[in-house]
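Below: one structure, written as structure tokens.
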Amino acid sequence: MPQFQTYLVGGAVRDRLLGLPVQDRDWVVVGASPQDLAAAGYQPVGKDFPVFLHPDTHEEVALARTERKTAAGYHGFAFHTAPDVTLEQDLVRRDLTINAMAEDDAGRVIDPYGGQRDLRDRVLRHVSPAFAEDPVRILRLARFAARFADFTVAPETVGLMRAMVDAGEVDALVPERVWQELSRGLMEHKPSRMIEVLREAGACARLLPEVEALFGVPQPEAHHPEVDTGVHLLMVLDQCAEQRAPLTVRYACLCHDLGKGTTRKEDLPRHIGHEGRSERLARDVSARCKVPTDCRELAELVAREHTHVHQSLGFGPEARLRLLERCDAWRRPERFAELLWACECDARGRLGLEARDYPQRGRLLADLAATQAVDLAAASAAAMARGAKGAEIGKAVQAARLKALRSFTGEVSP
């Protein structure tokens, strides 16, 4: 049976060298054919190119391969595997130098393209001109920038990404892949870096023009010391990361102020009515990127209601009850809690106000709890006993909730 060599490659090597926990391990086999691996007990599972499951560990193992561009977009590749494909040929097709290292079974690092140097210097750099053949790599690099926030992007790599954007490569990306990378980047340690890198490459204007439109747009300094709407968005996203918010909240925060990018110049720096415009634009982004329903629904709710939540400390019980009703808080309490979480990130995503208290969140959650305690069956039965029907029963239920809210807060009827 032919002898072949197995190498640990990619992110596992990178993370070990950085002293980070290794989450996933990728393996490459050099010097073997598909028949050789099958004969050694490996189980084939790959569709596009030969991937096998190790007979003992059941980890995925790929044959070393080369690739060539055959069509536009990230699907347009032809792969070649053979026993004479070298490890260096396999590594050169990878995206970044820090992901193009391997480790043999003795623990020796094979680093033909300077990955260890770039780890030391904290640089994200493409391995070869082949980077330009796959537009997904722009999104992946932006995601890595959000994960490794102290890394800079090599100037030549920025130039290459700009050329890719100018050539229309990102226009070939399918919505599912855009969302996959965008959602992963939002969940990294500093999601603002993803947006910054996409903007630097010119890709944000093509993929998320609604976000790009926020930069350079002023807003009242009294409420936003950072002034620039785009800068505010970046600060809000990083607040989400600080608070370990879930993806639903982070995506909602990405979309919460999109309407400010369409405010007429004569109306600046105020943004009257931006909430409705933000809701519509959030719906557009979600449809274009095929965003999951939970993220889409929360984004629209936050866009529409975040200003009201901010102002709710000045609301009377009737207005707070209407807010709960508009947010469908009794049927969707978990989503309502996420709305308030997003609003807190928005309030803290402002220059010098990052540590501010946000009592609105606790107040409205307490209001919800107080009204949830109402015995709806009893309120409905009492209304029907008085001869109420249809909408009148609903009004009776709301009256019971309002009474409970006033009792809880000590607010008396006018």
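Candidates are the residues of the range 41-74 that are out of contact with any strand residue (DSSP E or B) (no Cβ under 9 Å at 6 or more places or on another chain) and surrounded by 13 or more Cβ atoms within 10 Å (Cβ to Cβ); the one that is modelled with the highest pLDDT is A72.
Among the residues of the range 377-406, the ones that are surrounded by 15 or more Cβ atoms within 10 Å (Cβ to Cβ) and within 40 Å of the chain's Cα centre (by Cα) come to 7 in all. A search for C-beta distances below 7 Å between a residue of the range 22-38 that is closer than 24 Å to G11 by Cα and any residue that is among the polar types (S, T, N, Q), counting only pairs 6+ apart in sequence or on different chains, returns W27/T6; V29/T6; V30/Q5; V30/T86; G31/Q3; G31/Q5. If I go through the range 26-65 residue by residue, how many of them are more than 23 Å from R16 (Cβ to Cβ) and of a type in the set (D, E, K, R)? Final tally of qualifying residues: 4.
So that you can scan it fast, the table gives a plain yes or no per residue for (1) touching a His at 6+ places or on another chain (Cβ under 8 Å); (2) farther than 20 Å from E318 by Cβ; (3) of a type outside the set (D, E, K, R):
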{"residue": "R350", "(1), (2), (3)": "yes, yes, no"}
{"residue": "A355", "(1), (2), (3)": "no, yes, yes"}
{"residue": "R361", "(1), (2), (3)": "no, yes, no"}
{"residue": "L364", "(1), (2), (3)": "no, no, yes"}
{"residue": "A373", "(1), (2), (3)": "no, no, yes"}
{"residue": "A379", "(1), (2), (3)": "no, no, yes"}
{"residue": "A396", "(1), (2), (3)": "no, no, yes"}
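Residue count for the range 104-116, restricted to those that are surrounded by fewer than 20 Cβ atoms within 10 Å (Cβ to Cβ) and either closer than 23 Å to A172 by Cα or in contact (Cβ under 8 Å) with a residue 12 or more places away in the chain (or both): 7. Determine the pairs where a residue that is farther than 14 Å from A287 by Cβ, located within the range 166-180, has a partner that is among the hydroxyl-bearing types (S, T, Y) with Cβ atoms under 8 Å apart, the partner being 6 or more residues away or on another chain. Close Cβ pairs satisfying both conditions: A172/Y74; L173/Y74; R177/Y74. For the range 309-327, residues that are under 25 Å from the mean Cα position of the chain (by Cα) and either part of a helix (DSSP H, G or I) or surrounded by fewer than 22 Cβ atoms within 10 Å (Cβ to Cβ) (or both) total 2. Is it the case, given these coordinates, that R296 is closer than 20 Å to L182 by Cα, buried (at least 21 other Cβ atoms within 10 Å of the Cβ) and among the basic types (K, R)? Spelling it out, R296 is indeed closer than 20 Å to L182 by Cα, buried (at least 21 other Cβ atoms within 10 Å of the Cβ) and among the basic types (K, R). Among residues of the range 302-322 that are touching a residue at least 40 places away in the same chain (Cβ under 8 Å) and under 12 Å from C343 (Cβ atoms), those with a beta-carbon under 7 Å from a residue that is surrounded by fewer than 22 Cβ atoms within 10 Å (Cβ to Cβ) and of a type in the set (G, A, S) at least six positions away or on a different chain give the pairs H310/A347. Condition first: modelled with pLDDT of 95 or more, charged (D, E, K, R) and touching an Asp or Glu at 6+ places or on another chain (Cβ under 6 Å). Can you find one or more residues in the range 313-321 that meet it? Yes, the range 313-321 has at least one match.
Determine if the range 77-91 includes at least one residue that is touching a helix residue (DSSP H, G or I) at 6+ places or on another chain (Cβ under 7 Å) and at pLDDT 85 or above. Steps first, answer last, please.
Let us first name the residues in the range 77-91 that are touching a helix residue (DSSP H, G or I) at 6+ places or on another chain (Cβ under 7 Å), namely none.
No, that holds for no residue.
Considering each residue of the range 216-226 in turn, at least one proves to be out of contact with any strand residue (DSSP E or B) (no Cβ under 7 Å at 6 or more places or on another chain), of a type in the set (D, E, K, R) and either closer than 13 Å to A142 by Cβ or at pLDDT below 95 (or both).
Filter the range 224-239 for residues that are polar (S, T, N, Q) and more than 17 Å from A213 (Cα to Cα) and give the result. Passing the criteria: only Q239.
The values are calculated or read from the model by the stated rules, or taken from the named source; none is laboratory data. Bear in mind that the values here come from a model prediction, so they are computed numbers and not experimental data. Backbone-built Cβ (ideal geometry, glycine too); neighbour counts: all protein chains shown.
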